[in-house]
């Protein structure tokens, strides 16, 4: 396939009306970028993404309106092998020049791997995977077998962190791959003033506010942040710091409620623990002085490009790909994944002030464009098959 001229492209992965977290948003934004460049692009999403007993949130569907200008086929049933063959044959017969498939969880390995095998039978379509994870954050039996099955029909890979790139070498050492940073989420609107954002959320203009944004899961370390708040409360210089928690529980909420009570930090919290509609995202980012990612482990995070877009400093832990994405003392601060270290960096951040990091953020965010991602995908698609 040539990188010049319009291509017929299909993206396989979550999309509206599925929420899918950052993955659905990413797929829709990527499709728009290809369309804007003249490529005929549509998305094959899921009619059933997760069985209800495997889904920890309240709903898999969004009430947001569909993204304008996109063709989305909600056809893939993740647990029905007959459906995999049907969808695979449909895409095979359409003979797209390029299929871009997202991989984030081994649970999807059998479904997506089977679809891709059918597509390859047309001997025309190139398949490029954008891998959020190769080895998952939370291991389950059969992960390795499912990932091996998935990677075999893929021609090439995009990874978005050194950690995932290294993990890929275990499963597909001979296949072409490129490391491309996660592009900015620039589809949530422009920034609003902190005053407007806090008025919208009912937060005092004089408060010092940190933001935890995204699904609440064990590996994301919200409990570490709650323990850090307890430490900060013990010092009069930091006792007033507020934490805005914006995201749905994908973990046992009772554990966190008990921790809040035992730590005595309820008055330091603003809890918005429901799914955040897309049209409200900007208010949460713009209300904060800084974004905190207290993860226990990580590859990359969709919260990071979101913070870059709204030019918010970050406090992240020294795990996975986070430190590479958030240069220490330039766009934020890097802590060790302990409550003590996180508390120390939070105190240091407010002593230094958010304004000190803004020039570094503006400079660093230039790396994270969608054009870089598109160029990398097309380059891999044009390379000879291994």
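Quick one: which helices (runs of 4 or more DSSP H) lie wholly within region 271-335 and hold at least 2 residues that are within 27 Å of residue 138 (Cα to Cα)?
Correct list: 303-309, 322-325.
In the list 221, 189, which residue meets the criterion of being at positive phi and in contact with a helix residue (DSSP H, G or I) (Cβ under 8 Å, 6 or more places away or on another chain)?
None of the others qualify; the one that does is 189.
Quick one: would you say residue 384 is without any contact (Cβ under 8 Å) to a residue 60 or more places away in the chain and under 30 Å from residue 6 (Cβ atoms)?
Yes.
For residue 33, all conditions in the list (1) farther than 27 Å from residue 218 by Cα; (2) at pLDDT below 95; (3) within 20 Å of the chain's Cα centre (by Cα) hold save one; what is the number of the exception?
(2)
Which is part of a helix (DSSP H, G or I), crowded, with 18+ Cβ neighbours inside 10 Å and either without any contact (Cβ under 8 Å) to a residue 60 or more places away in the chain or in contact with a strand residue (DSSP E or B) (Cβ under 7 Å, 6 or more places away or on another chain) (or both), of 111, 129?
Just a single option satisfies the conditions, and that option is 111.
Given 288, 261, which one is buried (at least 24 other Cβ atoms within 10 Å of the Cβ) and out of contact with any helix residue (DSSP H, G or I) (no Cβ under 7 Å at 6 or more places or on another chain)?
288
Would you check which residues across region 210-230 are at pLDDT below 95 and not in a loop (DSSP other than H, G, I, E, B) and list them?
216, 218, 219, 220 - these are the residues of region 210-230 that are at pLDDT below 95 and not in a loop (DSSP other than H, G, I, E, B).
The values are calculated or read from the model by the stated rules, or taken from the named source; none is laboratory data. This is a predicted model, so every value here is computed, not measured. With ideal geometry, Cβ positions are generated from the backbone for all residues, glycine too; neighbour counts draw on all protein chains shown.
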